[in-house]
Amino acid sequence: MKQIKLLTVLMALVLLCTSATNQKTTTVFIIGDSTAANKDLSKGKLERGWGMMLQECFDPEYIAVDNHAVNGRSSLSFINEGRWDKVLEKMKPGDYVIIQFGHNDEKPKVDRHTDPGSTFDYNLAKYVRETREHGGIPVLMNCVVRRNFFVKAPEIEDDELLRTTTFKDGVKMVEGDSLIDTHGLYRVAPRDVAKRMNCHFVDANKITHDLEQGLGREASKKLHMWYKPGEEPTEPQGKQDNTHYNIYGARVVANLLADALCEEIPVLSKYRVKEK
């Protein structure tokens, strides 16, 4: 009888501790595309989304990053595939949702395409509204830049195809010294929606533009899946991918975005872990 009572007390203490831990942990959800997404790490693959590195930027005892960003998704397809519903099911009051789309909303495929000033804005507003309805705190981000120093940008319909592009197959075009925007109004719309809905906003496009332009044409390649043949064992044929990040690039971008988040939402700065 005494053993049963002791076991009951111990179980109650465990539940109490678990409850306390859950109550003090705030979740930061990320929804978006391949630039933030979790990647296949098998066979030593190096590609990373910045969302994979964001947990390193915050104390996990208080901030839990839950990355739902997926390769190839737009603000439209993320909803239509039921991925947004899964985030809403997990969300609790006080959690944050980072909303970052644009790369794939630009694509012509009907299951992805949206228009800035119209359907793109509508979807972003839906994310903001429904986050708030569930007690969460929305944070809009515009899309990160592509490393586009081309004098004339190549016509690549789908960034996802860049993963199979070897150095030999990559586009052979002249590069200049200035980073050229490829997103147009898709980088403007999130700011407009944030202003209209009084929502937190982080200008990820400007942050990554300044990063890439500051590094310049050659050094900026080190952020991306950009390797000459024989330079990287996991990419023996080389790679020319100016959109997706490698480990180093994802970590740099995650830390810059974490700093911007803390500036926009000062309470998060208490849990910021500085880059080692």
### Query
Where nothing but the Cβ of Lys and Arg (+1) and of Asp and Glu (-1) is charged, how large is the charge dipole of the stretch 63-144 around its Cα centre, in debye to the nearest 20?
100 debye
### Message
I want to check the label-to-label distance for Lys274 and Asp177. Put each point 7 Å from Cα in the C-beta direction and report it in nm to one decimal.
### Response
3.4 nm
### Student exercise, the stretch 186-263 dipole from Lys, Arg, Asp, Glu Cβ charges, in Debye to nearest 20
240 debye
### Message
Please compute the modelled spin-label separation between Gln213 and Leu88, points set 7 Å along Cα→Cβ, answer in nm with one decimal.
### Response
3.9 nm
## Note on the structure
Amide H proximity to Tyr96 below 5 Å, modelled H, separation 5+ or other chain, gives Thr27, Val28, Phe29, Ile137
### Task
Could you check how much of the accessible area of the stretch 32-119 is carbon and sulfur, as a whole percent, using a 1.4 Å probe?
51 percent
#### Entry: the stretch 129-143 - phi-based ³J(HN,Hα) in whole Hz, Karplus 6.51/-1.76/1.60, Gly and Pro as x
4, 6, 4, 5, 4, 9, x, x, 10, x, 10, 7, 10, 8, 6
### Query
In sequence order, what are the phi-derived ³J(HN,Hα) couplings for the stretch 109-123 according to the Karplus relation 6.51 cos²θ - 1.76 cosθ + 1.60 with θ = phi - 60°, rounded to whole Hz, with x for glycine and proline?
4, 5, 7, 10, 5, 9, 10, x, x, 9, 5, 5, 4, 4, 5
### Query
In sequence order, what are the phi-derived ³J(HN,Hα) couplings for the stretch 263-273 according to the Karplus relation 6.51 cos²θ - 1.76 cosθ + 1.60 with θ = phi - 60°, rounded to whole Hz, with x for glycine and proline?
6, 6, 10, x, 4, 6, 5, 5, 10, 6, 9
## Note on the structure
XL table Lys109/Lys228; Lys43/Lys228; Lys107/Lys195; Lys39/Lys221; Lys39/Lys90; Lys39/Lys195; Cα-Cα > 29 Å flagged, in table order, is Lys109/Lys228; Lys39/Lys195
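The values are calculated or read from the model by the stated rules, or taken from the named source; none is laboratory data. Values in this document were obtained by computation on a predicted structure and should not be read as measured data. Note: ideal-geometry Cβ built from the backbone for every residue, glycine included; neighbour counts use all protein chains shown. Just the protein is used for accessible areas: all its heavy atoms, side chains included, with ligands, DNA and RNA removed. Shrake-Rupley method; radii C 1.70, N 1.55, O 1.52, S 1.80 Å.
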